[in-house]
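**Q** Below you will find the structure I want to go over with you.
The values are calculated or read from the model by the stated rules, or taken from the named source; none is laboratory data. As the structure is a prediction and not an experimental result, all values here were calculated from the model. Note that we place each Cβ from the backbone using ideal geometry, even for glycine, and neighbour counts take in every protein chain shown. SASA here: full protein model, heavy atoms, side chains in, ligands and nucleic acids out. Shrake-Rupley method; radii C 1.70, N 1.55, O 1.52, S 1.80 Å.
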Amino acid sequence: MEYAQEYSKKEKTVRILTGVFVGGVIYFIHISWLIPIINDVVSRPHCFEWLGFNLADYFWYLVMVGVPLFAFTMSWILIPRAIAGIRERRFPPKAVKVYRPTKVKTGFLALLISGMHLFIPLVLLLLAAWGYLQAPYFPAFDKQVLDPNLCIKDSTH
């Protein structure tokens, strides 16, 4: 039984600590900056413009297309590994190191795992395309009902 190449102890430590650090920074930015912006946009979408477009007009495109495309940006890293796995008919491919002892899968199981690695980003792209086609049919915001006084900047914050 063949095993995939493993990271050395030093490589594991560096990669894990780097991942924890980057994840912590992303988490901090998410909590302190992104969540308040999302809450603001959801509570008063008619007050925000981006590149000259009012978000109330394009809110459903943001949700139905933007969210799947953002998820795709997180999953695109799976594509090269999947292609290498299909080419070599083994998973993980020869150039990929692993963190713990991992038996190399070959044959149909390797193709299945590699196919799933390709399937996830593909589904996200298809979901974004479907969302683009569906967004015009969602109800539009009635700007006469939305309070323009909500758009006034609060000086206490």
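**Q** Please enumerate the residues belonging to the range 47-64 that are under 16 Å from residue 134 (Cα atoms) and free of Cβ contacts under 8 Å to residues at least 24 places away in the same chain.
**A** 58, 62
**Q** Suppose the filter is open to solvent by 80 Å² or more (accessible area, probe 1.4 Å), within 23 Å of residue 16 (Cβ to Cβ) and touching a residue at least 12 places away in the same chain (Cβ under 8 Å); does residue 132 pass it?
**A** Here the answer is no, as residue 132 does not meet what is asked.
**Q** Additional query: Sort through 128, 95 and tell me the only one that's among the hydrophobic types (A, V, I, L, M, F, W, C) and within 22 Å of residue 7 (Cα to Cα).
**A** The match here is 95.
**Q** Among the residues of the range 124-141, is any hydrophobic (A, V, I, L, M, F, W, C), at pLDDT below 95, within 25 Å of the chain's Cα centre (by Cα) and outside any helix (DSSP H, G or I)?
**A** Within the range 124-141, one or more residues are hydrophobic (A, V, I, L, M, F, W, C), at pLDDT below 95, within 25 Å of the chain's Cα centre (by Cα) and outside any helix (DSSP H, G or I).
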